[in-house]
Amino acid sequence: MSDIYQQITDRIIAELEKGKIPWHCPWRPREWRHRNLVSKKEYRGINTILLCMTPYESPFWLSMRQIKKLGGVVKPNETGTCIVFWTLYEKDTENKFPVLRYYTVFNIEQIRGIPAKYIPLLSSKENIAFNPIESAEEIIAGYEDCPLITHFGNHACYIPYLDCIKMPQRIQFENEEEYYSTLFHELVHSTGHKSRLNRPGMDNIEFGSETYSKEELIAEMGAAFLCAQTGIEQATIKNSTAYIQNWLDNLKNNKKLVVQAAQKAQKAVDYINKPQNYQELEA
C-alpha cells in the first residue's frame, strides 16, 4: 500500500479540487456521530474527516474481523474506508517512537447479514431538539483558562502577547452560527499559547509564512470539530477559489500536513473541553 500520509493527502486534495472543504463536516446529533459499532467509541481527529467524506448516512463502522465475528459479509463491489491510528514502535529498549498505522473499516450500509439486535435504533435527526447557542456557550464556559474575550472593532483575531481574543460585536455577524464558529477558530488559536499547549511559533507568526499556514489549518479543523460537537454549521471559511487553491498548494508540498494538523486540532479541542484532564487524555 502507498504511503499512508500521501494516501490521506490525495483524498483531501481530490475533495478540494471539487471545490469542497472536507473538514467542514455536516452537523450530526451525538448519537449519529461516526463510531465503531462494537466498541461504541467515536472516531476522532483525521478519522472524523475521512469518514465525513463518505456518502453513508449510518454512523456505524466495523473492521473486517468484526464483520465476520458478527456473522456478516461485505456486499459485492463495496470498498472500505481507510482510517489511521498511532502505535509505539520499539526499535530497542531505549528507542521508541510513534508510527502511523492504518486499517480498513466498512459502514453498516455496506454490510449484510448482521442480526438487527446488534444495530442500535437511532432517533430521527429531525426530532432531536438542540440549542446551538446554548451548547456553544457551554463550550466557552467550560474552557477553564480561557483568555480574555473582548468585543470591539471589525476584525476577529487572537493576540498571543496579550493572551486575548478580539471579536467584533455579535450584532455585526450575519447569524449566531457565524459568530460562534469564528470564536471557536480564535479559541483554538489560543490553545497554542506558551501557558497552554505551547505550539511552536505562536509568539511571532508572520502572515503568509509556513507556520502561519499550519496554524490556520489547525484552527480551521479545530473550529470544525467544535462546531460539530455543539451542533452549529461552520461558517468561518468561504469556499473561494483563492482560499481552496492555497490549501491545495500547501498540501501538495507537504504530504503530512493534514494528518499533523488534525492531530493538533484534536488536542486543542480536548484542551478546551477539559484542560484539567488534558494529561489524562494524552496518556
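Stretching residue 86 away from residue 133 to a fully extended chain increases their span by 13.5 nm, per 0.36 nm per residue minus the current alpha-carbon distance.
Legend: P(r) of segment 30-123 from all alpha carbon pair distances, 10 Å bins from 0, whole percents, reading 15, 44, 26, 11, 4, 0. Spin-label model, residue 155 to residue 99: label points 7 Å out along the Cα-to-beta-carbon direction sit 4.6 nm apart. Dipole size of segment 30-123 about its Cα centre, with +1 on Lys/Arg Cβ and -1 on Asp/Glu Cβ: approximately 280 debye, rounded to the nearest 20. Taking label points 7 Å from Cα along the Cα-to-Cβ direction, residue 14 and residue 40 give a separation of 3.4 nm. By the count of other C-beta atoms within 10 Å, a proxy for reagent exposure, 61, 32 are ordered fewest to most as 32, 61.
With both labels modelled 7 Å from their Cα along Cα-to-Cβ, the residue 210 to residue 112 distance reads 5.1 nm.
Readers should treat all values here as calculations from the given coordinates under stated rules, not as data from a laboratory. No experiment lies behind these values; they were computed from the predicted model shown. Neighbour counts run over all protein chains shown; Cβ positions are idealised from the backbone, glycine included.
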